[in-house]
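The values are calculated or read from the model by the stated rules, or taken from the named source; none is laboratory data. Only a predicted model underlies this, so the values are computations on that prediction, with no experimental measurement involved. Methodologically, a virtual Cβ is constructed for each residue, glycine included, from the backbone with ideal geometry; neighbour enumeration extends over all protein chains shown. We work out accessible area using only protein heavy atoms, side chains counted, and drop any ligands, DNA or RNA first. Shrake-Rupley method; radii C 1.70, N 1.55, O 1.52, S 1.80 Å.
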Amino acid sequence: MSRCRSWSPVQRYGLAAYRRYSGSGGYPNIPLSSPLPGVPSPTFASVDGLEKSETRITTLENGLRVASQNKFGQFCTVGILVNSGSRHETKYPSGIAHFLEKLAFSSTAQYGSRDEILLTLEKHGGICDCQTSRDTTMYAISAEVKGLDTVVSLLSDAVLQPRLLDEEIEMTQMAVRFELEDLNMRPDPEPLLTEMIHAAAYRGNTVGLPRFCPGDNVDKIDQAVLHGYLRSYYCPQRMVLAGVGIEHEQLVKCARRYLLNTRPVWGEATPTDVDLSVAQYTGGIIALLVVKRCILMRGVWAQQEDDFIPFAVLNMMMGGGGSFSAGGPGKGMFTRLYLNVLNRHHWMYNATAYHHSYEDSGLLCIHASADPRQLREMVEIITREFIQMAGTPGEMELERAKTQLKSMLMMNLESRPVVFEDVGRQVLSTGKRKLPHELCALISNVTTSDIKRVTSKMLRSKPAVAALGDLTELPSFEHIQAALSSKDGRLPRTYRLFR
Amino acid sequence: MRYGLHNYRFEVKKFYAQSLAGAPETRLTALDNGLRVASEETGHATCTVGLWIGAGSRYESEKNNGAGFFLEHMAFKGTKKHPQTALEQEVESMGAHLSAYTSREHTAYYMKTLAKDLPKAVELLSEVVQHCSLNEADVEQQRAVVLRELEEVEGNLQEVCLDLLHATAFQGTPLSYSVLGPSSNARTLSRQDLVEYLGSHYKAPRMVLSAAGGVNHEELVGLAKTHFSGLSFEYEGDAIPVLSPCRFTGSEIRMRDDAMPLAHVAIAVEGARVGSPDIVPLMVANSIIGSYDIKSGGGKNMSSRLAAMAAEENFCESFQAFHSSYSDTGLMGMYFVTDMHHIEDMMHWSQNAWMNMCTTVTDSDVARGKKSLKASLVAQLNGTTPICDDIGRHVLNYGRRVPLAEWDARINAVTPKMVRDVCSKYIYDKCPAVAAVGPVEQLPDYNRTRASMYWLRF
């Protein structure tokens, strides 16, 4: 009814005049279907194989490595990666990495608070983020290329001179508690299971240490503890300044200006207690009793540099996903876990293969979930799949897995933040970067004998099992071990008097 | 180029334009049958290629609402040359991803693949769209899948709320239909319905073959000529479907359920249609209002005033300002999720933000909004698939791809007065459409909401 009121100017002045209402102040009232006059026709970039250009790496005098990959565009991603994570927390209370992640980009020597930082970044259309994992901490900023100087200065401040005020630490404690609650309440148990499988596989050492702060440690971590840790691990030799979308010389110049002679806020000290331990795979079982559904994750040891690519191919070959749908053609509907497991046993909710790799070890896991009453069958199916991995893979299967891996790699590398992470991580762990086409060549060279070799090595080690849910039907660990060493992967028969 | 007086400024503009257009050109060619081919060559080793079609739930009637969605499900179940398993294996062996989506006015089928596989990709896509086999048996099988998906979507309350918003705002017109269609139609749609839908809407002049990545335009046009020349451009009996105008009705719909933990509320006014130049100031206004999510942890220091307030007083779990435009109308609105005790507060402050846009928005706010809008436009185009999607939708909506430099110029031309004028034109004293799901007892009566669409201060 009140539409009458809004239409009356139209009735009074006509439709054309009404439309001109929006074109006040000389703004041309030109619809989007015609080009705006007066805008110079843009000179478009021409593609000249920039993608194949080398990643350039320079090492500064204090050990800091600067790596960059040029890519055309208005925006760049620059960040600092540090070789520090939850695996280095053996001598400290667990959870420091989790805290550092939440405390990143808070007040620093130059910036009074997080929102000052965000305001500065807004001027350059930028965003900042920090992510920690078990072995790496990554501080990243994406912003306009012309803001490079500000970005590097901000990074150096955030990493080397955070103030770590008491009220920030308190807020972080609250945020950590909130996140832990959220993790436990979520219907998707994957992060919890990943924690558990690492704890089972590497009992009590390095990679097995919890990545999320355990509940009772939340109050134990304060500025002194953090400074102690940072003194040992945040030193230039363990850091890489990586950038994508900028010129290498410019990045090095900024690095020299802001990262070469800056004293970190926790004081200079020769790092003494740096934990250099190699991950010790132990295997074992961890079970957590929760309600309703039952989820299982099984991992077996892996790793050495040459084996990384065959394991990635193996992971692709196993594939898997949710039982409702793979997600369409191309998302792995012909992988082994779909063909042999999900398509045959419709009672399984989910079966997926995962591959975690670290510089000295790794895990290949199969994660499955189903109703608790079918737990025993599910375990047997998984053990059978593991044993079958040791058989010769079919030619077509292997080719398909290799092509899918190459294609996934290239598709992920379309995105600038992913390229940044790739550059940073490779330089951090090996000191150089293998370009995408080199990785593709390595993937193409994987043969069936490579797969068989890595699988048999993997199956000789003790398995690690993590289980979550109603576990009354879970076979004992010895039975699972026996199944994995047997020829066909079947669990030993148990005879029960009372079913 | 023509304005000699502004030579110096023009030079500066040109350098800025050069640095801004750090993106290759989008080339557009039309085939004889009306099919348009558009591509952007970015030099990546991968590419995304797809068909964007001007068909969607808006073109359906009450009886066949959901046909487009059903057809999308049937698309990958086999073609005349490649039965289902063969098609799937082909795609998997290429390491490619084949996907599709349907919306109210667009349908898209696209494939992400390595750049060297472009010819095969175009061939497969042409088969999927033109020669879909549509077996009776497959139709029956997919019926169950569609019903199950309908059931799952009921759990996604954001979708439910926004669908209800469309249903009430455009009531009595085809835009009110949801894309998935009602379950009654999912049970009764037959192969014949799908064939009819295909035949009346998948016509060459309404389609765009779009690609982005390591693709060569000439090669793509050649492939299009090979595979898509047979695409029909004539309608049966010359019955070209004419879009009936969809009127906006200020109204309200509530689905009250006190057992739900959170309430989802959306409020919208009629917005700008797709080609309208008003979209730019409206987008700037939405960028100033911003969005917020409690899990993102921005805390009290967010730049949007509404977000800072929401964080400080804990008004909501999340909110976002949105603008959906269709060919002759649009929806400009806000959507928020909150618990049952804060609905009234959140509604009050959201409408307050709107009134602010219409009357007192400041220079610094507009400057901030413009910057963040420009940044988000560029940041979204991160990868070949978003670029390809952008090209497809632009050509369907505007007949050309609007280059980033032009978006930049249009955004720069926005002044605070323009934001106030344009927002007043669309928001001030207009009847909103409100949709709410969950424990919504506290949601103010519609008359109160309508009364908050103007201020008695001047």
(request) Go over the candidates A:125, A:79, A:85 one by one and state the one that is surrounded by fewer than 22 Cβ atoms within 10 Å (Cβ to Cβ), small (Gly, Ala, Ser) and touching a residue at least 12 places away in the same chain (Cβ under 8 Å). (result) A:125
(message) Restricting to the range A:99-119, and then to whatever is more than 12 Å from every other protein chain (Cβ to nearest Cβ) and out of contact with any strand residue (DSSP E or B) (no Cβ under 7 Å at 6 or more places or on another chain), can you tell me which residue is most open to solvent (accessible area, probe 1.4 Å)?
(response) A:110
(request) Would you please name the residue that is nearest to the other protein chains (Cβ to nearest Cβ), looking only at residues in the range B:43-94 that are in a loop (DSSP other than H, G, I, E, B) and of a type in the set (Asp, Glu)? (result) B:60
(request) Kindly provide the set of residues from the range A:120-148 that are basic (Lys, Arg) and either more than 9 Å from chain B (Cβ to nearest Cβ) or more than 20 Å from residue A:420 (Cβ to Cβ) (or both), ordered by number. (result) A:123, A:134
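Yes or no, residue by residue, for (1) over 18 Å from residue A:244 (Cβ atoms); (2) open to solvent by 20 Å² or more (accessible area, probe 1.4 Å); (3) at pLDDT 90 or above:
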site	(1), (2), (3)
A:412	no, yes, no
A:428	no, no, no
A:441	yes, yes, yes
A:444	yes, yes, yes
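Being more than 22 Å from residue A:72 (Cβ to Cβ), in the same structural domain as residue A:238 (by TED's automatic domain parsing) and in a helix (DSSP H, G or I) narrows it down to one of A:118, A:148, A:164, so name that one. Step through it out loud before you land on a result.
Working: A:148 fails: more than 22 Å from residue A:72 (Cβ to Cβ); A:164 fails: in a helix (DSSP H, G or I).
After ruling out the rest, the residue left standing is A:118.
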(message) Pull out all pairs, ordered by first then second residue, where Cβ-Cβ is under 8 Å, the residues are six or more apart or on different chains, the first lies in the range A:157-184 and is within 14 Å of chain B (Cβ to nearest Cβ), and the second is surrounded by 14 or more Cβ atoms within 10 Å (Cβ to Cβ) and among the hydroxyl-bearing types (Ser, Thr, Tyr).
(response) A:168/A:106; A:168/A:107
(request) Go through the range B:431-458 and give me each residue that's under 17 Å from residue B:346 (Cβ atoms), open to solvent by 40 Å² or more (accessible area, probe 1.4 Å) and among the hydroxyl-bearing types (Ser, Thr, Tyr). (result) B:446, B:452
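For residue A:402, state whether it is within 12 Å of another protein chain (Cβ to nearest Cβ), of a type in the set (D, E, K, R) and either touching a Lys or Arg at 6+ places or on another chain (Cβ under 8 Å) or open to solvent by 10 Å² or more (accessible area, probe 1.4 Å) (or both). It would help to see each step written out before you state the result.
Values: within 12 Å of another protein chain (Cβ to nearest Cβ): yes; of a type in the set (D, E, K, R): yes; either touching a Lys or Arg at 6+ places or on another chain (Cβ under 8 Å) or open to solvent by 10 Å² or more (accessible area, probe 1.4 Å) (or both): yes.
Yes: the conditions hold for residue A:402.
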(message) What's the number of the only condition in (1) at pLDDT 85 or above; (2) surrounded by 19 or more Cβ atoms within 10 Å (Cβ to Cβ) that residue A:166 fails to meet?
(response) (2)
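Do we find that residue B:365 is touching a residue at least 40 places away in the same chain (Cβ under 8 Å), within 11 Å of chain A (Cβ to nearest Cβ) and of a type in the set (Asp, Glu) in this structure?
On the way: touching a residue at least 40 places away in the same chain (Cβ under 8 Å): yes; within 11 Å of chain A (Cβ to nearest Cβ): no; of a type in the set (Asp, Glu): yes.
In short, no.
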(request) For the range A:332-355, name all the residues that are within 13 Å of chain B (Cβ to nearest Cβ), without any contact (Cβ under 8 Å) to a residue 40 or more places away in the chain and crowded, with 19+ Cβ neighbours inside 10 Å. (result) A:333, A:338
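Examine the range B:378-391 for a residue that is small (Gly, Ala, Ser) and surrounded by 22 or more Cβ atoms within 10 Å (Cβ to Cβ), and state whether such a residue exists.
The answer is yes, given that some residue of the range B:378-391 is small (Gly, Ala, Ser) and surrounded by 22 or more Cβ atoms within 10 Å (Cβ to Cβ).
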(message) Is it the case, given these coordinates, that residue B:194 is open to solvent by less than 40 Å² (accessible area, probe 1.4 Å) and farther than 24 Å from residue B:138 by Cβ?
(response) no
(message) One residue is enough: does the range A:358-380 have a residue meeting the conditions touching a His at 6+ places or on another chain (Cβ under 7 Å), farther than 30 Å from residue A:473 by Cα and not in a helix (DSSP H, G or I)?
(response) no
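Only one of these is at pLDDT 90 or above and touching a Cys at 6+ places or on another chain (Cβ under 9 Å): B:162, B:175. Name it.
Numbers: B:162 fails: touching a Cys at 6+ places or on another chain (Cβ under 9 Å).
It is B:175.
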(request) Kindly indicate which of B:237, B:214, B:222 is under 23 Å from residue B:126 (Cα atoms) and without any contact (Cβ under 8 Å) to a residue 60 or more places away in the chain. (result) B:222
(message) Could you tell me how many of the residues in the range A:29-78 are outside any loop (DSSP other than H, G, I, E, B), at the interface with another protein chain (Cβ under 9 Å from one of its Cβ atoms) and either at pLDDT 65 or above or closer than 15 Å to residue B:404 by Cα (or both)?
(response) 1
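Which residue out of B:420, B:393, B:401, B:410 is at negative phi, touching a residue at least 24 places away in the same chain (Cβ under 8 Å) and facing chain A (nearest Cβ under 9 Å)?
On the way: B:420 fails: facing chain A (nearest Cβ under 9 Å); B:393 fails: facing chain A (nearest Cβ under 9 Å); B:401 fails: facing chain A (nearest Cβ under 9 Å).
One residue alone meets the criteria, B:410.
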(message) Can you pull out every residue in the range B:402-420 that is open to solvent by less than 40 Å² (accessible area, probe 1.4 Å) and basic (Lys, Arg)?
(response) B:410
(request) For residue B:214, work out the one condition from (1) under 30 Å from residue B:176 (Cα atoms); (2) open to solvent by 10 Å² or more (accessible area, probe 1.4 Å) it doesn't fulfil. (result) (1)
